Amino acid sequence: MTDVLEGAAGPARVDPAAVQDAAAGTPGAGPGGASPAAALTALVTPRVRRHRDRSTVGAVAARLGGPLAIVAIWWLATATGLLTPDVLASPAQVGQAAVELWNNGQLPEALAVSLARAGAGLVIGVSIGLFLGLIAGSTRSGEAVFDSGMQTLRALPFLALVPLFMVWFGIGETARIALIAVATTFPMYVSASGSVRATDPKLLEAASVFGLSRWATARQVILPGALPGLFSGLRLSATLSIIALIAAEEINALAGLGYLMAQALNYSRTDILTVCILIYGLLGLVADTLIRGLERVGTPWLRSRAVRA
């Protein structure tokens, strides 16, 4: 709460005797013979909170500070011999490996295949989770039909489904995309059903008083209120899609970042392994940043209500 409290006005100076007189309703007890209400108004100074906006340079520096510190420690450990290349390649070696993979075409091809898998699974999973979540959150019958089953399936670790999916779908792309879809369905379902269910009853009552139809109520009242929760569910689903992608590409993949990692493992190329790991992390970061940008555009009213610590 540092930013919020910094710059705020100091505590109001209140005369206890004046407050007691005002509370007792003594006429003319306030300063200068004012009424009790006027005395309280004069004694209690409103606390004005002023937000101090952080500069863009400062915000960027704060965000880059942590990653740069990690890279610096990594470089120092490899330069001093604390980490040998067979354990972890240096940042310079990883950079050279990335350039080499990009120039010979292996990295763009693997990246395109992995992105297609993660994207297809994410779209399918989010669509199913959003559809079932809206039904379960908006109707009692929908909640009775879907919620118990979805909560039961949500408790299952999706990695435990890998052998079963290999039996059902084989070792092709279908099993990989299905695994990513399952992993991304439940965060969106929980967020959608919870957000719709948490709609303010007073707003629904007002919509009924003004004669809005069910469709208009859903579009003008329920959906705007549920948008923050829906974006949160989408962010969680996007992150899980990358985690599930790593597991899915272990299913006998013949293309993609997982295949590239398997080939690097055979030759103990820690530089290529590190490149692939960093790309997985970068994909998750980029996806989260894009969704946060969409959230800022889709919910502009939340900016003024944000509480920053």
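The values are calculated or read from the model by the stated rules, or taken from the named source; none is laboratory data. From a predicted model like this one, the values you see are computed outputs, not experimental measurements. Ideal geometry is used to build each Cβ from the backbone, glycine not excepted, and the neighbour counts take in all protein chains shown. Only protein heavy atoms, including side chains, enter the accessible area calculation; ligands, DNA and RNA are left aside. Shrake-Rupley method; radii C 1.70, N 1.55, O 1.52, S 1.80 Å.
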Next item on the list: Could you tell me whether ALA178 is among the hydrophobic types (A, V, I, L, M, F, W, C), part of a helix (DSSP H, G or I) and touching a residue at least 40 places away in the same chain (Cβ under 8 Å)?
Entry: yes
Margin query: Name the single residue that is nearest to ARG117 (Cα to Cα) among those in segment 235-248 being polar (S, T, N, Q) and surrounded by 21 or more Cβ atoms within 10 Å (Cβ to Cβ).
Written below: SER241
Item checked: Meets criteria (within 21 Å of the chain's Cα centre (by Cα), surrounded by 13 or more Cβ atoms within 10 Å (Cβ to Cβ) and either at pLDDT 90 or above or aromatic (Phe, Trp, Tyr) (or both)) for TYR259 -> no
Notebook entry, point to check: Which condition breaks for VAL87 when tested against (1) part of a loop (DSSP other than H, G, I, E, B); (2) among the β-branched types (Val, Ile, Thr); (3) closer than 30 Å to PRO187 by Cα?
Noted result: (3)
Checklist line | Only one of ALA144, ALA112, ALA120 that is more than 27 Å from the chain's Cα centre (by Cα), part of a helix (DSSP H, G or I) and surrounded by fewer than 18 Cβ atoms within 10 Å (Cβ to Cβ) | finding: ALA144
Item checked: ILE251 over 16 Å from the mean Cα position of the chain (by Cα), closer than 28 Å to ALA98 by Cβ, among the β-branched types (Val, Ile, Thr) and open to solvent by 80 Å² or more (accessible area, probe 1.4 Å) -> no
Next item on the list: Provide a single number: the residues in segment 180-216 that are farther than 30 Å from VAL162 by Cα and either surrounded by fewer than 22 Cβ atoms within 10 Å (Cβ to Cβ) or more than 23 Å from the chain's Cα centre (by Cα) (or both).
Entry: 20
Margin query: All but one of (1) under 25 Å from VAL87 (Cβ atoms); (2) open to solvent by 50 Å² or more (accessible area, probe 1.4 Å) hold for SER232; state the number of the condition that does not hold.
Written below: (1)
